[in-house]
Structures are given as structure tokens and as C-alpha cells.
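To start, the structure under review is shown below, and the notes come after it.
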Amino acid sequence: MYHVRKAVLPVAGLGTRFLPATKAIPKEMLTVVDRPTIQYIVEEAVASGVRQVVLVTAAGKEAIANHFDYSYELEAYLQAKGKRDLLEEVQRVTSLIEDIVTVRQKKPLGLGHAVYVTRHVVGREPFAVLLGDDLVDAEPPCLKQMLQVFSEFKGPVLAVQRVPKEEVHRYGIVVGEKVGDRVYRVRDLREKPRPEEVDSDLAIIGRYILIPEIYDYLAQTKPGVGGEIQLTDALAALKDDHPVYAYEFEGTRYDAGDKFGFMQAVITFALKHPELGPRFRQYLKELSQKLS
Ligand code: UTP
């Protein structure tokens, strides 16, 4: 079956890079212009045909599921006040995704473990994984592009982008042979290698299409880099028995899990915003004149 209906969104991490902002608020609820980052991710999944979102959550992350839930009091209030535009916007978020399931990851044992805890909900069908840390500005959406590759090559697909050599140590890195337009068959995979360990600059970003067999490999995966159960390590084992593909997506990715990348995303999305965009562009022009 090459139809992907389910998307796993791991949101159980601690978000330490944004402390103290993330002490009481999940980092996925930090706002990029007028919506939390997690909404961009759900919108990408839905626009790619996903029908069920599986959130992997932890204590203190309740606001994420609430954001997509029906809020009777808020809607009644907006209705009574005649605030039609706001009401429509709130209703649009509520109706984005009907089927939303949360699974608890009791301890932050790593991304691989966060995916593993979804095995009973996802079952034996292919599924997508999207990380809130990566906002991808692309048309068609990044996941939709990957689904095209999945239906053609009929194997797991990892979204990759080229990164400078000095940044290789921050990513899972793929070594592969080109087998199609922007598509590579994965020969080797390393999580956060030293630059001299790999001869590749293809870095995995937070979008995956996986097959259910990955759960069998995750069950066997021991803690790796940082003492965490790494999804990359399970994929490295999987690729010996099932062909795995890397796809260099078309679009721009922002590392919203990091302060600098987050600010880049805010500025880019503000410039694109239909109401704010023109005013914000003018402001940036004036600011850059002052700075130069
Ligand atoms: P990160 O390590 O980038 O996220 O994990 P983090 O731990 O939240 O952030 P920092 O590094 O402390 O600032 C990548 C993604 O995997 C999820 C995170 O929520 C994030 O979306 N994750 C990570 C889990 O769900 N569980 C884990 O045990 C680890």
C-alpha cells in the first residue's frame, strides 16, 4: 500500500534551546507571525493528504492538542461580539484536522523512541514523520513532494538538503547514489558525524516517510549519540534489508528549533503575509538604511 494517511508529529522534546521562553510554553506553540509553529506543520500534512495526526506529547504539552480542539467558550464569545473574521479563523484551525490522537512519551529518550511509542496507533501501514523544528516554505509542500517520490520508488523517503561542511556535525548525514531527479538510494547514514567521518553534505531535515518495518528496527536500537535512541540509527539498519531513499526537496527550510533559524522564519513569513507584508517590507528597508 503506497497511500500515506497518518502523520506522526513528535513534540515531546524539552526545547532547551529556547529557555526561558519554553519553561511553561511548549516550543511548538511559539508564534511565527500569527500562528504557532505546530500549525504550519499540521497545515503541511493536511495539504499533503494526511487524514490522521498522531502527536507524541509529554507533560506540559497539553496546549498543542488544545490548539486544534473545539473551544465552545471562545467561539460563543466571538459570535456574541460579532467578530466574524476572528471566528472564521478560529473555526478554520479547529476544522483543519478531524482525527487527532495523542500518545505519551513518558521519558524524552530520543526521536527514535518518540516514533517507536506510536507503533500501536499507526499499525502496519506507511506513515509520515514531521518535526516541528523544521518549517519548510515550499510549493507544493515538502511532504507532498516526498509522497510523489514514495509512490514512484516504493520505499522510505528522507528529506535532505545540502549543508556546509562545518555544519555536518549537527545533522543525520546520508551517503548515497543518485537514482533519479533529486533522488538518492541511501548507502550509509550517520547521526551527527565529524566532517572527516563522511564524504557527503546531504543532511536529513525533519520530514520522513517511513514503512512499518521501522518499528521492528527501532525495537532493537540502542541509545546512540547523546545517549538518545536515534531514528537515524534505526534507518541505518533498515536500509540493509529495505531500499531507503533520500530526496533533495525543492523549497527553503528554516531551523525553527534554533533561535537564529526561528528569527529567519519569522521575518520571511512576515514578508509573505498578505496584510502585514507590505508594511513590514517598508520597515525592513528603513531599518537596513539605518544599519548601513
Ligand atoms: P530536538 O532535540 O531538536 O528537540 O528533537 P528538543 O529536545 O525539544 O530541543 P532542544 O534541543 O532541547 O532545544 C527534535 C524533535 O524530536 C522531538 C522534539 O520535540 C523535536 O520535535 N523529540 C525529541 C521527542 O518528541 N522526544 C524526544 O525524546 C526527543
- Under 12 Å, Cβ to Cβ, from residue 108 - net charge with Lys/Arg +1 and Asp/Glu -1: +3
- Message: Only Cα pairs within less than 10 Å get springs; with that Gaussian network setup on the chain, which residue of 148, 79, 220 has the largest fluctuation?
- Response: 79
- Remind me, relative contact order of the chain in percent, using alpha carbon pairs under 8 angstrom and six or more residues apart? 22 percent
- Looking only at 221, 102, 31, which one moves most when the chain is put into a Gaussian network model with springs between Cα atoms under 10 Å? 31
- Task: Mind pulling the angle between the C-alpha long axis of helix 142-153 and the longest principal axis of the chain? Nearest 10 degrees, somewhere in 0 to 90.
- Result: 30 degrees
- Query: Can you give the angle from 0 to 90° between the axis of helix 259-272 and the longest principal axis of the chain, with both taken from C-alpha atoms, to the nearest 10?
  - Reply: 60 degrees
- Could you work out how far apart the two model spin labels at residue 35 and residue 72 are, taking each label as a point 7 Å from the Cα in the direction of the beta carbon, and quote it in nm? 2.7 nm
- Provide the net charge surrounding residue 51, with neighbours chosen by a C-beta distance below 11 Å and charges set as Lys +1, Arg +1, Asp -1, Glu -1. 0
- Item | Sequence ranges 283-291, 92-100, 58-66, ranked by mean other-Cβ count within 10 angstrom, highest first | 58-66, 92-100, 283-291
- Task: Quick one: grab the alpha carbon gyration tensor of segment 31-126, order the square roots of its eigenvalues as a ≥ b ≥ c, and give me rounded if a/c is under 1.5, else prolate or oblate depending on whether a/b is larger than b/c.
- Result: prolate
- Message: For Cα pairs less than 8 Å apart in space and 6+ apart in sequence, what is the mean separation divided by the residue count of segment 200-292, i.e. the relative contact order in percent?
- Response: 12 percent
- Message: Net charge within 10 Å of residue 206 by Cβ-Cβ distance, Lys/Arg positive one each and Asp/Glu negative one each, not counting residue 206 itself?
- Response: -1
- GNM of the chain, Cα pairs under 10 angstrom: of 232, 16, 37, the biggest fluctuation goes to 16
- Task: Percent of Cα-Cα pairs per 5 Å bin, from 0 to the last occupied bin, for the chain, please list those.
- Result: 1, 5, 11, 15, 18, 17, 13, 8, 5, 3, 2, 0, 0
- Using helices alone, what [θ] at 222 nm do you get for the chain, with -39,500 (n - 2.57) per DSSP H run of 4 or more residues, divided over all residues and rounded to the nearest 500? -10000 deg cm²/dmol
- Message: For the pairs 83/259; 6/144; 27/107; 178/239, flag any whose C-alpha to C-alpha distance is greater than 24 Å.
- Response: 83/259
- One finds the C-alpha centres of segment 188-202 and segment 27-81 to be spaced, in Å, by 35 Å
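Values quoted throughout were computed directly from the atomic coordinates according to the rules given, and no laboratory measurement underlies them. Here the structure is a predicted model, which is why all the values come from computation and not from measurement. Because the Cβ atoms are built from the backbone with ideal geometry, glycine has one as well, and the counts that use them run over all protein chains shown.
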